[in-house]
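So the structure is just underneath, and the comments pick up after that.
Please treat every number below as a calculation from the coordinates, not as lab data. Remember, it's a predicted structure, so these values are computed and weren't measured experimentally. Neighbour counts are summed over all protein chains in view; Cβ atoms, including those assigned to glycine, are modelled from backbone coordinates with ideal geometry.
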Amino acid sequence: MNNSLLLGDEAIAQAALDAGLSGVYAYPGTPSTEITEYIQASPTAKQRGVHSRWSTNEKTAMEAALGMAFAGKRAMVCMKHVGVNVAADAFMNAAVTGVVGGLVFVAADDPSMHSSQNEQDSRYYGQFALIPIFEPSNQQEAYDMVFDAFDLSEALGTPVMLRITTRLAHSRAGVTRRAERKENDLRFSTNPSQFVLLPANARKQYNALLAKQTLFQEASAKATSNKYTPGADRSKGFLAAGIAYNYLMEHFPNGCPHPVLKIGQYPLPIEAVKTLAADCDELVVLEEGYPLIEEALTGLLDSRWVIRGRIDGLLPRTGELNPDHVGVALGFPAVTEVEVPEQVRMRPPSLCTGCGHRDVFEALQVVYKEKADECRIFGDIGCYTLGYLPPFRAMHACVDMGASITMAKGAADAGLKYPVAVIGDSTFTHSGMTSLLDAINDRSCITVIISDNETTGMTGGQQSAGTGKLEAICQGLGVEPDHLHVLVPLKKNFDQMVDLLRREMAYDGVSVIIPRRECIQTLSRKKRS
Amino acid sequence: MKTDIILAGVGGQGILTIAAVIGEAAVRRQLFLKQAEVHGMSQRGGDVQSNLRLSDKPIFSDLISRGKADLVIALEPMEALRYAGWLKPGGFVVTSVTPFINIPDYPEEAVLMQTLKALPNAHLLDVDAVAKELGSSRVSNMVMLGAASPYLGIDDAALEEGIIHLFGRKGAAIVDMNLKALAAGKALVNHT
Ligand SMILES: Cc1ncc(C[n+]2csc(CCOP(=O)(O)OP(=O)(O)O)c2C)c(N)n1
């Protein structure tokens, strides 16, 4: 029956390998990280020489994947939802160029923000780029869809988005594999203007993309993942997308009595939606993320229909769905919230004991208190964001990767006397280098701390693109040698760090301090192996 | 059969290893399984939880509904209490009694234990002591699995095969230690 027990992420990775993948390109980000890690650990991938090294950020990943698809081979690019913002320029334009080899773009959304700063819905990006979107309801479907997505991508010459959410990415179930398909040979477009988006070519390509929309619609109409199941009780009908379908069926072990349209592929299959609408006057939409389908229905159907979902408040507007919310929406009695006993306290995440970031914040905290209202600390994305929490409370901003340096610069421009940026090594190479160049070119009065643990810690310790290169990068960008310092963040160097911070914060220009000590998690893993 | 289990603990305690052994055992018995894990931010010393569902019929939801769990397995007492409310009437709690104190406002232990003991079907076990006696504090989680094993709906042989499969790479001594821990855990519950 079940072949192997795989996380949704692993099922996608295994499927890509089985479907003839030649390269995966990605920057780590929960909940997408395990896709690339699975391929990195795969003996088959190693033996075939499938590319799997981490990219510096999501945009470089997207562009490299497009290059591989340009050359006729199958490429996959994976990222978390906010990574799509970083990759967006390349992503939107890849839809216009189209592809030669198959290109599957995996966007892993995080509704409820388990490990993220927002819960944006990547389906809007897919719709915005005018490309097909696949949304699996379970691990097996995720596996199968990767094959279909590559085939569709090559048949219609378009990138295809595979949209998943945390719950599928990080949940395990049995998956049955298919036979392995050979990798593609090198092959190029016969159209010399396809990838040259000069306005004259781009207009042609854009019209070609618009012309493909009917084909995408036909593909959705034929897709087995879009399935209409009639039901005797037509008092209402359901549209259930991706894993939301499971929360519906969970309540009807013997089959749903109402008509159900399961959605697994977009653009929305319009004829199937109309069939459902012809049967029912009230439509309930169950979807993970923003109300994309719910909004689309108001355009497709007139006001005779009652459309219910996240917009009208039948389901919560924010957060991931669960069987309890859906049960209430179905009219089942709400399970009374059992009071969590008052002894149960919040247990927020915290920096590991012995972590070098701790020493950085201990010193920074002291200097910050001395400067009081003339100082603000601009944090960034990574383990060190926990410097916001007690006992440190030494952070005033954390917005998007790289923003620490540029926000500090903007605040300096506005007149803040002591702006300090705290950024991790991986975040620095992801998006901080261009920020630093802006600050240097403007001679902004900021102090930048690159807290270097020589890994991408927050996401589990992946290789960090700048390890061993940070001083050279800073010097190359123009940081003055006298204001570039490296030290070891340890208790015994506390005074040295405090002094250095005081001195460099007083300097009228850009200073960079690099506290460097290996992440204790990666260190202990190395020791054990 | 159908067993809905919530595994609870603190990031890094090893609840995912318990889940992995049950998962392997379930596959060996041709059961359907869904297991939602927690990766990422909360693994940094925060509370972590995993929903594990076993059944002889296909399973839809990855998540367990409130009031429907058959069993809560916890490696930390306060975390056991966090999820006690997910149990169905008559559901069981099997928890370690050793607190993991990494927050300043951890509840008073005596009160915590009292509340746990007042739950209808709770086993409060010193799995760490058992593991230490066996000679490895790292097998506490397998002691816990052994203690919970009567409530899983899976036979012991399948769990043992799961352990052998999972730890096989690490050598015979480690496999043996984990098998012993499983048996010791089981004995613990039979005696309470
Ligand atoms: C655009 C974007 N991509 C990826 C992530 C996921 N992410 C969050 S923190 C982090 C790692 C940061 O590593 P580093 O800056 O070295 O800090 P560390 O966690 O090691 O302290 C990543 C990849 C994100 N939040 N946003």
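The table below gives the values:
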item	result
Paramagnetic reach from A:Glu480 (point 7 Å along Cα→Cβ, amide N under 11 Å) across region A:504-523	A:507-511
Order by protection proxy (mean Cβ within 10 Å, highest first), peptides B:3-15, B:173-185	B:3-15, B:173-185
Sites A:Asp413 and A:Thr318 - FRET efficiency at Förster radius 22 Å, r taken between beta-carbons, to 0.05	0.05
Mean projection area, nm², convex hull over Cα of chain A	28.9
Counting all C-alpha pairs of region A:227-330, share separated by more than 24 Å (%)	12
Residue-averaged beta-carbon neighbours from other chains (10 angstrom radius) around A:29-35	2
Above-threshold pairs, the threshold being 25 Å between Cα atoms, out of B:Lys34/B:Lys68; A:Lys182/A:Lys212; A:Lys222/A:Lys274; A:Lys262/B:Lys34; B:Lys57/B:Lys180; A:Lys417/A:Lys469	A:Lys182/A:Lys212; B:Lys57/B:Lys180; A:Lys417/A:Lys469
Alpha carbon Rg of region A:1-102, scaled by the compact-globule rule 2.2 N^0.38 Å	1.04
Hits among lysines - C-alpha to C-alpha of A:Lys527 under 16 Å, sequence gap 8 or more where chains match	B:Lys170
The protein assembly as shown, dipole about Cα centre (Lys/Arg Cβ +1, Asp/Glu Cβ -1), debye to the nearest 20	1180
Efficiency of FRET from Cβ geometry, A:Leu301 and A:Ala221, R₀ 22 Å, rounded to 0.05	0.75
Pairwise label distance in nanometres, A:Arg528 with A:Leu490, each label 7 Å out on the Cα-Cβ vector	2.4
Nonlocal amide H pairs with A:Ala397, under 5 Å, H built at 1.01 Å	A:Gly379
Chain B: most fluctuating residue of B:Leu116, B:Leu125, B:Leu63 per GNM, C-alpha cutoff 10 Å	B:Leu63
Helix-only CD estimate at 222 nm, as mean residue ellipticity for chain B, using -39500 (n - 2.57) per DSSP H run (n ≥ 4)	-13000 deg cm²/dmol
Long-range amide H partners of A:Gly402 with built H, under 5 Å	A:Ile381
Chain A: angle of helix A:270-279 to the longest principal axis, Cα-based, in degrees nearest 10	60
Label zone at A:Thr44 (point 7 Å along Cα-to-Cβ), backbone N below 14 Å, region A:1-35	A:3-6, A:10-23
In sequence order, calculated HN-Hα J values of region A:378-383 (Karplus, 6.51, -1.76, 1.60; Hz; x Gly/Pro)	9, x, 9, 9, x, 3
Listed peptides A:40-53, A:116-129, B:67-80 by packing density, highest first (mean Cβ within 10 Å)	B:67-80, A:116-129, A:40-53
Region B:35-85 and region A:328-396: distance between their alpha carbon centers, rounded to Å	23
Label zone at A:Lys371, where the point sits 7 Å out along the Cα-to-Cβ direction: region A:378-392 residues whose backbone N lies under 17 Å	A:378-380, A:388
Region A:32-93 versus region B:1-30: alpha-carbon centroid distance in Å	31
Rounded to whole Hz, the Karplus (6.51, -1.76, 1.60) HN-Hα couplings of region B:45-53, x for glycine and proline	x, x, 6, 10, 8, 9, 9, 10, 10
Charge-dipole axis of region A:124-247 as Lys and Arg at +1 and Asp and Glu at -1 on Cβ define it, positive-most pick from A:Thr176, A:Ile133, A:Pro230	A:Pro230
Computed [θ] at 222 nm, helices only, for chain A once each DSSP H run of length n ≥ 4 contributes -39500 (n - 2.57)	-12000 deg cm²/dmol
Helical segments meeting 18 Å axial Cα length and Kyte-Doolittle 0.5 threshold in chain B (DSSP H)	B:15-28, B:172-191
Descending semi-axes in Å of region A:338-473, equivalent ellipsoid built from Cα gyration tensor	27, 20, 13
HN-Hα J in Hz across region B:95-106 - Karplus 6.51, -1.76, 1.60, θ = phi - 60°, x for Gly and Pro	9, 6, 9, 7, x, 10, 9, 10, 10, x, 9, 4
Between region A:140-216 and region A:459-511, the alpha-carbon center distance in angstrom	43
Total formal charge among the other residues, if their Cβ is under 11 angstrom from that of B:Lys34, Lys/Arg +1 and Asp/Glu -1	-1
Region B:45-192 - Debye-derived log10 I(q)/I(0), Cα point model, q = 0.12, 0.13 Å⁻¹	-0.53, -0.63
Within-14-Å neighbourhood charge of B:Val10 [Cβ basis; K, R +1; D, E -1]	0
Top positive-direction residue, dipole computed over chain A with Cβ charges, set A:Leu17, A:Trp305, A:Gly387	A:Leu17
Dipole of the protein assembly as shown, positive end: most advanced residue of B:Thr17, A:Val479, A:Pro199 [Cβ charges, Cα centre]	B:Thr17
Given charges at beta-carbon only (K, R positive; D, E negative), |dipole| of region A:227-330 in Debye	140
With Cα atoms, 0 to 90° folded angle of helix A:8-18 axis to chain A main axis	80
Disulfide-incompatible cysteines by the Cβ rule (no partner under 4.7 Å) in chain A	A:Cys78, A:Cys256, A:Cys280, A:Cys375, A:Cys383, A:Cys398, A:Cys445, A:Cys474, A:Cys519
Highest to lowest packing among A:4-15, A:499-510, scored as the average C-beta count within 10 Å	A:4-15, A:499-510
Rg and Dmax of region A:153-302, Cα atoms only, in Å	19.2, 57
Residue mean of other protein chain beta carbons inside 10 Å, B:76-87	3
In degrees, nearest ten, helix A:494-506 long axis to first principal axis of chain A (Cα)	90
Shielding by partners - mean other protein chain Cβ count within 10 Å, residues of A:328-335	1
